[in-house]
1. I'm checking my understanding of the structure. Among residues of the stretch 45-62 that are over 12 Å from Ala35 (Cβ atoms) and not in a loop (DSSP other than H, G, I, E, B), which one is most open to solvent (accessible area, probe 1.4 Å)?
2. In the stretch 63-96, which residues are hydroxyl-bearing (Ser, Thr, Tyr) and open to solvent by 60 Å² or more (accessible area, probe 1.4 Å)?
3. Which condition does Pro41 not pass, out of (1) assigned to a strand (DSSP E or B); (2) under 16 Å from Pro87 (Cα atoms), if it passes all the others?
4. Just to verify a result, which residue in the stretch 2-44, among those that are among the hydroxyl-bearing types (Ser, Thr, Tyr) and under 13 Å from Gly113 (Cα atoms), is surrounded by the fewest Cβ atoms within 10 Å (Cβ to Cβ)?
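The values are calculated or read from the model by the stated rules, or taken from the named source; none is laboratory data. What you are looking at is a predicted structure, and each value in this text was computed from that prediction instead of being measured. No Cβ is skipped: glycine too gets one built from the backbone with ideal geometry, and neighbour counts run over all protein chains shown. Areas reflect the complete protein model, heavy atoms only, side chains present, ligands, DNA and RNA absent. Shrake-Rupley method; radii C 1.70, N 1.55, O 1.52, S 1.80 Å.
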Amino acid sequence: QVQLVESGGGLVQAGGSLRLSCVASGRTFSNFPMAWFRQAPGKERGFVPVIGWSGSTTYANSVKGRFTIPGDNAKNTVYLQMNSLKPEDTSVYYCAATRAAASVGKSAYEYWGQGTQVTVSS
């Protein structure tokens with residue numbers, strides 16, 4: 001079993017930066033692909049980035065060049081560094097983990113955090 005706890009959300013002006021954290025506990029974090037998803041009101045939960053067990057990363061086109069997903073295995077933590085934020089990035093952001101291969105599909109992920117709100121003002 002894996003427990004995921006996100007933190008770091010908040011209110012930021014357009015063009016600003018935030019760093020979200022996701023701390024994993026319960027199993028060997030370094031073996032699990034970890035991803036971030038986000039969900040705005042009335043919209044489907046969508047993929048943001050994923051980091052595989054080898055350290056390889058994949059990003060949604062909408063965040064390429066602005067977001068990164070560094071990890072710290074010693075701290076069992078994965079981050080979402082968000083730069084050049086836009087109002088359309090406003091969402092609840094969720095951390096997710098899977099025992100399977102890294103994927104951009106939310107159905108592949110068995111473990112989810114509770115979410116953290118990010119609001120970007122124009």
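1. Residue satisfying both the conditions and the ranking: Asn61.
2. Thr68, Ser84
3. With (1) assigned to a strand (DSSP E or B); (2) under 16 Å from Pro87 (Cα atoms) applied to Pro41, the lone miss is (1).
4. Among them, the one singled out is Ser25.
Residue-by-condition table, conditions (1) open to solvent by 10 Å² or more (accessible area, probe 1.4 Å); (2) within 14 Å of Trp36 (Cβ to Cβ); (3) touching a strand residue (DSSP E or B) at 6+ places or on another chain (Cβ under 8 Å):
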{"position": "Thr98", "(1), (2), (3)": "no, yes, yes"}
{"position": "Ala102", "(1), (2), (3)": "yes, yes, yes"}
{"position": "Gly105", "(1), (2), (3)": "yes, yes, yes"}
{"position": "Glu110", "(1), (2), (3)": "yes, no, yes"}
{"position": "Gly115", "(1), (2), (3)": "yes, yes, yes"}
{"position": "Ser121", "(1), (2), (3)": "yes, no, yes"}
